[in-house]
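Below is one structure, written out as structure tokens; comments come after it.
Please treat every number below as a calculation from the coordinates, not as lab data. Because the structure is predicted, anything quoted here is derived from the model rather than measured. Don't worry about glycine lacking a Cβ; one is built from the backbone with ideal geometry, like all the others, and counts go over all protein chains shown.
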Amino acid sequence: MDHHPMNWGRPRNDMADPYGTYPIPQRPMNTQTFEDSVQHTQQPIVTGASVLAIKYANGVMLAADNLASYGSLARFKDVKRVIQVGSSTIVGASGDMSDFQYLQRELDELVIDEITHSDGHNLGAKEIHEYLSNLLYARRSKINPLWNSLLVGGCSPEGKRFLAYVDLLGTTYSASTLATGYGAYIAQPLLRKAVEGREDTLTEAEAVKILEDSLKVLYYRDARSLNKYQIAKVTAQGVEISDSKSQDTTWGFAEGIRGYGAQTQ
Amino acid sequence: MSDTVTLAGPQQRQFNPYSDNGGTILAVAGANFSVIAGDTRQSEGYNIQTRYAPKVFRLTDKAVLAVNGFAADGNMFVKKVKQRLEWYRHAHSKDMPLRSIARLIQSMLYGRRFFPYYVYNILGGIEEDGSGAVYSFDPVGSYERETCRAAGAAQSLVQPFLDNQIYFKNQVAAPGTSHPSHLPLSDVLALVIDSFTSATERHIEVGDGLEIFIVLARGAPIHGLEAIQGIQEMTSNAEGERVFIVRRVLKYD
């Protein structure tokens, strides 16, 4: 029998050292019994599409739909892709949803650890973003990425706004409008046109309108999107994440377009 | 190709841990100053990720580092260099000399020889003898001291221009005269700004904003710097070298 502590709980390997005879055989610290079958994420499986976010007068607003796709199959239609972290931060995720759920657990643990200190310090959006970018960069450096693009929004009690991006490569950046996935192609130009230079004057109603209009364009053009979405905001007062809602869309025009509706020659 | 070949084994798709975030950096050394500049656009493919992501960083009062390539590696690398410089400051109660920072950077880059930081570094500043210096590096740490260097997306546009205007390559001095070995600061600043406006015209990954750092040797004349519109001083210790920053807009398209 092998009683060596390094092998506790590991499957027995009779080929190597069946009786653990003296002298104690070499056991490298990093022996991985299942080394050959450990799998790293090579591609995302259940995925969320675009997340959009803008700065506006009172804080930061973020929007994402409720769809998690399995390839081209609209698999889960009630998925919350925007979460609150701590008291003044929201995180929106696109990419692999299981990796995102893992990130949620990591963030929950981080926030609990921080609360437990009871030292009067708070994790703000800047800190959450730094933590996420270090985590994602570390994982990409192990060639074992967490397959997500994340938007982190926040607003301090003093009203200082924060909005930044981080992805599976650890790439980070900040701007007054951000979008992930197809949103970067389709929504970002619309957001920039509506927001750039007006970050400090946009009202809440205007901000909601800008995001909803962009979501509608995405819904019309992105096949992996859903007309059911949530809008989240962070202001100096804290976080609010809306219930799921949808918008009116018009598909009547499709009837008249050849190859789009039902045609008889 | 027959079907048997494609069916032979599972197709492996490898995760690519690198990306290229565009942009260009540039540095020029003068007799008693150094100029280090970079644009502020960060892009991936045809997407502009942000119009303001700094690529040039003040390390000490006499050293400025510009990083270009894969932005995530660049930011991590700068973070680690700054950390090592802080440790040096705590151990020796002084800032690390420029040539030592250059060697430190080569060690840190070569330390990752087999999983490199995909980053081109240009280090500018003032040497201990008071001369302006520029060190340029490749991603795995090969480095040399030079008078001027451009790197990044528009390197192939900017470097020949600098060779011509700063090294006077392909120019013949008028009879009885010779080319200057160092240009005055005002000429260098004009060349740097022209380099970036031209690169912005001809390269899609360059634009949005320009940040120019100027490092002046201890006791060097101010060269009429105070007249430059929007100039800001970033010096931490009044006695030693002085660091300034100048910001300019570049075209958004």
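Side notes on the structure shown:
- Computed over chain B with a Gaussian network model linking Cα atoms closer than 10 Å, the most mobile of B:PHE33, B:PHE213, B:PHE114 is B:PHE114.
- Counting neighbouring beta carbons within 10 Å and listing from fewest to most, the residues B:LEU85, A:LEU178, A:LEU191 come out as B:LEU85, A:LEU191, A:LEU178.
- Over all other residues within a Cβ to Cβ distance under 11 Å of A:SER225, the charged ones net out to +2, with Lys and Arg as +1 and Asp and Glu as -1.
- Summed side-chain charge close to A:ALA205 - residues other than A:ALA205 whose Cβ falls under 12 Å, Lys, Arg +1, Asp, Glu -1: -1
- Loop-located trypsin sites (Lys or Arg not before Pro) in the stretch A:193-265 whose Cβ has at most 10 other Cβ within 10 Å (DSSP): A:ARG258
- Trypsin sites (Lys or Arg not before Pro), loop per DSSP, at most 14 other Cβ atoms within 10 Å - longest free stretch of chain B: B:14-93
- Top of B:VAL158, B:VAL81, B:VAL134 by mean-square fluctuation, Gaussian network on chain B, Cα under 10 Å: B:VAL81
- Within straight-line cross-link reach of B:LYS62, aspartates and glutamates at Cα separation under 20 Å, skipping those fewer than 8 residues along the same chain: B:GLU86, B:ASP95, B:GLU127, B:GLU128, B:ASP129, B:GLU144, B:GLU146, B:GLU211, B:GLU226, B:GLU233, B:GLU239, B:GLU241
- Contact order normalised by residue count of the stretch A:51-245, Cα under 8 Å, 6+ apart, percent: 33 percent
- Aspartates and glutamates with Cα under 17 Å of A:LYS77, excluding same-chain neighbours fewer than 8 positions away: A:ASP65, A:ASP96, A:ASP222, A:ASP243
- Calculated P(r) tail over 33 Å for the protein assembly as shown, as whole % of Cα pairs: 52 percent
- Net charge of the neighbourhood of B:GLU233, taken over other residues with C-beta under 13 Å away and scored Lys/Arg +1, Asp/Glu -1, is -1.
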